[in-house]
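Participant: For reference, the structure I am asking about is given below.
Computed from the coordinates by the stated procedures, all read-outs in this text should not be read as laboratory data. These numbers come from a predicted model, not from an experiment. Note: ideal-geometry Cβ built from the backbone for every residue, glycine included; neighbour counts use all protein chains shown.
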Amino acid sequence: MTEEKAIALFKCLADRSRLQILKSLMEEDMYVERLAERLALTPATISFHLRKLEASGAVKSRKEQYYTIYSVEKDVFRLNLLDVVMEKSAEVDEQLQREQQYRQKVLDTFFVYGKLTSIPAQRKKKRICLEKIAEDFEISRVYEEKEVNELILRYHEDYCTIRRDMIAEGIFKREGTLYTRME
Amino acid sequence: MFEQKLNEMLSQLLAEEKQLVQQNRKDEAAFVRIRSNIVNIGKTVWQVVVRTEKEENRREIYLGKMAALRMAWQESLSQAEKYEDHDKVMIETMKLSMLEQVLRMFEESAA
């Protein structure tokens, strides 16, 4: 189910009268006048709700002699909500692009000619800078503290703070004087 | 007398709308709001007529103005029917029905 369809369905279901209609239709298929009588609503109001329910895919209709009979589109209600939430959104790519742009902006601000000019105070920005420095370290390889310090020194003189922050952020794992870059 | 009746109707509609909102029946509440709007239009037109016209002319002028509204809405309804815009058909029908209700009230108040 696409995001648009999910939104239309959920919006449509967020109405007591429409839920009552669906509950009635779960018992048996019905036509407008019968639903109107049952739910004490006018046929015009029932028709309005049924149009919305049909447009959202929650009900379907068929012609039987003079009547249009409505029934619940049960497959829609067998959908797993988690599947709907997990479905890849068209917005994901845009979100990633926005994140990438933000990341680049932070790097351009704090790195001048490859050196870190200052350690950002804001955690999100600091994390981006630390990840940039961590790119010089191979994942899962074990480094001596001295090696770590030297690699950080290429970027900033306060290697102790940066090293500590990298551990705090989970970028490095420390065991004694040995450091490993985490995935 | 007419205005008082309209105000009573407006209070009833307002209460109905509030109740529907509380019951999470927002579309139906919106329909009630549309009916309230028609009553409000009937009231405003009457207030203007009372303010600007001599007493002996008021009835005719008021009915004339309401007839003009009816004609515009009937035209709108015809268009909606022509293009099978079912939601609009419903709304225009509702407006016209409410307009007739206001006019009935007007005649009853005058009698």
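Participant: What are the ³J(HN,Hα) couplings of the stretch A:116-132, residue after residue, when phi is run through the Karplus curve with 6.51, -1.76, 1.60 and θ = phi - 60°? Round to Hz, x for glycine and proline.
Facilitator: Rounded to whole hertz, the list is 7, 6, 7, 7, x, 7, 6, 4, 4, 5, 4, 4, 4, 5, 5, 5, 5.
Participant: For an R0 of 22 angstrom, estimate the FRET efficiency from the Cβ-Cβ distance between A:ARG51 and A:GLU87 and round to the nearest 0.05.
Facilitator: It comes to 0.25.
Participant: List the aspartates and glutamates whose Cα lies under 16 Å from the Cα of A:LYS124, skipping any in the same chain that are fewer than 8 positions away.
Facilitator: Excluding near neighbours in sequence, the set is A:GLU99, A:ASP108, A:ASP165, A:GLU169.
Participant: Using 7 Å Cα-to-Cβ label points, what is the A:ASN80/A:LYS105 separation (nm, one decimal)?
Facilitator: It is 3.8 nm.
Participant: Just want to confirm a number: the relative contact order over the stretch A:91-181, from Cα pairs under 8 angstrom separated by 6+ residues, in percent.
Facilitator: After rounding, I find 27 percent.
Participant: For the pairs A:LYS52/A:LYS88; A:LYS11/B:LYS26; A:LYS146/A:LYS173; A:LYS5/A:LYS88, flag any whose C-alpha to C-alpha distance is greater than 18 Å.
Facilitator: Pairs exceeding 18 Å: A:LYS52/A:LYS88.
Participant: How would the stretch B:19-95 be classified by its alpha-carbon gyration tensor: rounded, prolate or oblate, with rounded meaning a/c under 1.5 and the a/b versus b/c comparison settling the rest?
Facilitator: Note, shape of the stretch B:19-95 comes out oblate.
Participant: Apply the Karplus parameterisation 6.51 cos²θ - 1.76 cosθ + 1.60, with θ equal to phi minus 60°, to every residue of the stretch A:102-111 and state each ³J(HN,Hα) to the nearest whole Hz, in sequence, with x for glycine and proline.
Facilitator: Values per residue, Gly and Pro as x: 5, 4, 5, 5, 5, 4, 5, 6, 9, 10 Hz.
Participant: Please work out the FRET efficiency for the pair A:GLU183 and A:LYS115, using the Cβ-Cβ distance as r and a Förster radius of 45 Å; give the result to the nearest 0.05.
Facilitator: So, using R0 = 45 Å, E works out to roughly 0.95.
Participant: Moving on. Tell me which GluC sites (Glu not before Pro) from the stretch B:42-111 have a DSSP coil assignment and no more than 11 other beta carbons within 10 Å of their own.
Facilitator: Within the stretch B:42-111, the qualifying GluC sites (Glu not before Pro) (loop, at most 11 other Cβ atoms within 10 Å) are B:GLU84.
Participant: Please list, ordered by chain and number, the residues whose modelled amide H lies under 5 Å from the amide H of A:LEU178; skip anything fewer than 5 residues away on the same chain.
Facilitator: Those qualifying (amide H under 5 Å, at least 5 residues apart or on another chain) number zero.
Participant: Another one. Using a 10 angstrom Cβ neighbour count of at most 14 plus a DSSP loop assignment to flag exposed chymotrypsin sites (Phe, Trp or Tyr not before Pro), which longest range of chain A is free of such sites?
Facilitator: By the stated rule (loop sites, at most 14 other Cβ atoms within 10 Å), A:114-183.
Participant: Using a Förster radius of 22 Å, what is the FRET efficiency between A:MET1 and A:SER71 based on their Cβ-Cβ separation? Nearest 0.05, please.
Facilitator: 0.65
Participant: Follow-up. Once you put a point 7 Å from the Cα of B:THR44 and another 7 Å from the Cα of A:GLU145, both along the Cβ direction, what distance in nm separates them?
Facilitator: 7.9 nm
Participant: Considering chain A as a Gaussian network with a 10 Å cut-off on Cα pairs, which listed residue, A:LYS146, A:LYS60, A:LYS52, attains the greatest mean-square fluctuation?
Facilitator: Per the Cα network of chain A with a 10 Å cutoff, A:LYS146 tops the list.
Participant: For the stretch A:71-139, which trypsin sites (Lys or Arg not before Pro) are both in a DSSP coil and crowded by at most 12 other Cβ atoms within 10 Å?
Facilitator: A:ARG78, A:LYS88
Participant: Please report, to two decimal places, log10 I(q)/I(0) for the stretch A:3-83 at q = 0.13 Å⁻¹ as given by the Debye formula with identical point scatterers on the Cα atoms and no solvent.
Facilitator: Ignoring solvent entirely, the Cα scatterers give -0.37.
Participant: Tell me the trypsin sites (Lys or Arg not before Pro) within the stretch B:1-57 that lie in a loop according to DSSP and have at most 14 other beta-carbon atoms within 10 Å.
Facilitator: Of the trypsin sites (Lys or Arg not before Pro), the ones in loops of the stretch B:1-57 whose Cβ has at most 14 other Cβ atoms within 10 Å are B:LYS54.
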